[in-house]
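Data first, discussion second: the structure below is written as structure tokens.
The values are calculated or read from the model by the stated rules, or taken from the named source; none is laboratory data. What you are looking at is a predicted structure, and each value in this text was computed from that prediction instead of being measured. No Cβ is skipped: glycine too gets one built from the backbone with ideal geometry, and neighbour counts run over all protein chains shown. Remember, those area values only see protein heavy atoms, side chains included, never the ligands or the DNA or RNA. Shrake-Rupley method; radii C 1.70, N 1.55, O 1.52, S 1.80 Å.
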Amino acid sequence: MDKKRKMMKIFCLLLAAFSSPVFAGEWKAKIAKELNALVTSCVVVPCSFTHPHGNLPTSRLRGTWHLSKNSTERIYDEDNSNVMDSYKERTQLLGLLGQNNCTLEIVDVKDYDNGPFCFQIEIVQTQTDTSSEKHSFDNNCVRLKMLPDPPKPTMTSQKVAIQDHPYTVTCSVTHTCPSHRPKLTWSRGTANEVTHMFRELQFGYWEELSILTFIPKEDDDHSELTCTAKFHGERVSSTTRTVFIKRAENYKYVIVPTMVGIVTAVIFGALCSFVIKKYKTSTVNSKCGTSNKFSKARFPSPKRYDLDDGDDYINTADLNIYGNL
Ligand SMILES: *[C@@H]1O[C@H](CO)[C@@H](O)[C@H](O)[C@H]1NC(C)=O
Ligand SMILES: *[C@@H]1O[C@H](CO)[C@@H](O)[C@H](O)[C@H]1NC(C)=O
């Protein structure tokens, strides 16, 4: 009982340590270390922090971003006159400081915006509370890796498109500007054939996805399909792929015999094991002996089936691809 209580105590302490915001009460910041940034476009630097003054409203907090070499070289300050000319009107805090969020957005990215940029928080004093303090998180600065050209979107799909059967192609592109996501468009397809999605891949990196599903016709064979990504700031990149259409007749020609083959094999196998079981449970020894011989001679093992019917095996693999439709 005593041991149990001790364990409970340890468990509760551990729980408390992990459930409270990890660094509550300390000057700590969680900021992306390095991010790609597309020149002329925008970038969002995820940032959160904690301070030892408990919960304070946004009005009691003043957050600034500066170049790492000199904390007076501000790239963001709510007082615009403190911001270096080359960064004026290009930076803003997306996060609310009262929610410990110091997320920074830079738009119209220039090729000299590589940083490193560091965050500084100031506790502003009031008439009733004169405590004031400043802290620069100079060990957690962000470096930007400038991309002169946008990344090309990636297109993925099933290998074979089958005439008159729905065909799905996915286009995706990664970026670092969730506040102005890139737009993906297709060279064909109506709005209800296209689905858009996005997700965070890792801290600061996002993926924009577009899924096109259409029913290819005969004259779509060898046609080109293009996916275009348009980034904030008008930069554009695209990827093109040729679509090859397999005729529906071929598809049936392959699939029907394969299905018949599989179904036959399954029924045959089930019957076989049923017969063996029946003979095995029988108490007559001599009968058991014949049953073993019987099963070996008349019912080939699945391995042998594969070897004998190599073609069918390949068709089964094909079937898997079509099965994903
Ligand atoms: C920091 O930058 C300011 C403004 O550009 C400048 O006046 C000051 O001399 C710099 N300080 C250092 C230590 O370089
Ligand atoms: C910080 O603010 C940004 C912009 O509003 C938001 O997207 C992000 O989810 C916030 N981060 C956290 C940790 O709440």
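Does any residue in segment 214-225 that is in the same structural domain as THR240 (by TED's automatic domain parsing) come within less than 6 Å, Cβ to Cβ, of a residue that is basic (Lys, Arg) six or more places away or on a different chain, and which pairs are these? Listed pairs, sorted by first residue: LEU225/ARG241. Among the residues making up segment 83-123, those that are within 17 Å of LYS30 (Cβ to Cβ) and in contact with a Gly (Cβ under 9 Å, 6 or more places away or on another chain) are LEU93, GLY95, LEU97, ASN101, CYS102, THR103, LEU104, PHE119, GLN120, ILE121. Taking the criterion of being out of contact with any helix residue (DSSP H, G or I) (no Cβ under 7 Å at 6 or more places or on another chain), in a loop (DSSP other than H, G, I, E, B) and among the hydrophobic types (A, V, I, L, M, F, W, C), the residues of segment 80-126 that qualify are MET84, CYS102, VAL107, VAL109. The residue list ILE121, ILE75, ILE162 contains one member that is in the same structural domain as LYS217 (by TED's automatic domain parsing), touching a strand residue (DSSP E or B) at 6+ places or on another chain (Cβ under 8 Å) and either closer than 29 Å to ARG181 by Cβ or more than 16 Å from ligand 2 (Cβ to nearest atom) (or both), which is ILE162.
Assess whether VAL194 counts as being open to solvent by less than 20 Å² (accessible area, probe 1.4 Å) and either over 30 Å from LEU93 (Cα atoms) or within 24 Å of the chain's Cα centre (by Cα) (or both). Answer is no for this residue. Residues in segment 96-135 that are over 13 Å from TYR76 (Cα atoms) and either at pLDDT below 90 or more than 16 Å from ligand 1 (Cβ to nearest atom) (or both): 25 in all. Within segment 79-99, being within 16 Å of ligand 2 (Cβ to nearest atom) and open to solvent by 50 Å² or more (accessible area, probe 1.4 Å) holds for GLN92, LEU94, LEU96, GLN99.
Being away from ligand 1 (no atom under 16 Å from the Cβ) and part of a strand (DSSP E or B) is true of VAL169. Summed over segment 56-72, residues that are within 15 Å of ligand 2 (Cβ to nearest atom) and either exposed (fewer than 13 other Cβ atoms within 10 Å of the Cβ) or at pLDDT below 90 (or both) total 1.
Being among the basic types (Lys, Arg) and either within 16 Å of ligand 1 (Cβ to nearest atom) or touching a Phe, Trp or Tyr at 6+ places or on another chain (Cβ under 8 Å) (or both) holds for only one residue in ARG74, ARG62, and it is ARG74.
Among residues belonging to segment 172-198 that are more than 16 Å from ligand 2 (Cβ to nearest atom) and not in a strand (DSSP E or B), point out the one that is nearest to PHE231 (Cα to Cα). Step by step, filter segment 172-198, then rank; the result is PRO182.
So, of the residues in segment 4-46 that are assigned to a loop (DSSP other than H, G, I, E, B), of a type in the set (A, V, I, L, M, F, W, C) and at pLDDT 60 or above, which turns out to be nearest to ligand 1 (Cβ to nearest atom)? Explain how you work it out, then say what you get.
As a first pass, look at segment 4-46 and keep what is assigned to a loop (DSSP other than H, G, I, E, B): 20-27, 32-33, 39-42, 46.
In the following step, the residues that additionally are of a type in the set (A, V, I, L, M, F, W, C) were identified as 22-24, 27, 32, 39, 42.
Those left that are additionally at pLDDT 60 or above: 27, 32, 39, 42.
Working: TRP27: 22, ALA32: 25, VAL39: 24, CYS42: 25 Å.
The residue in question is TRP27.
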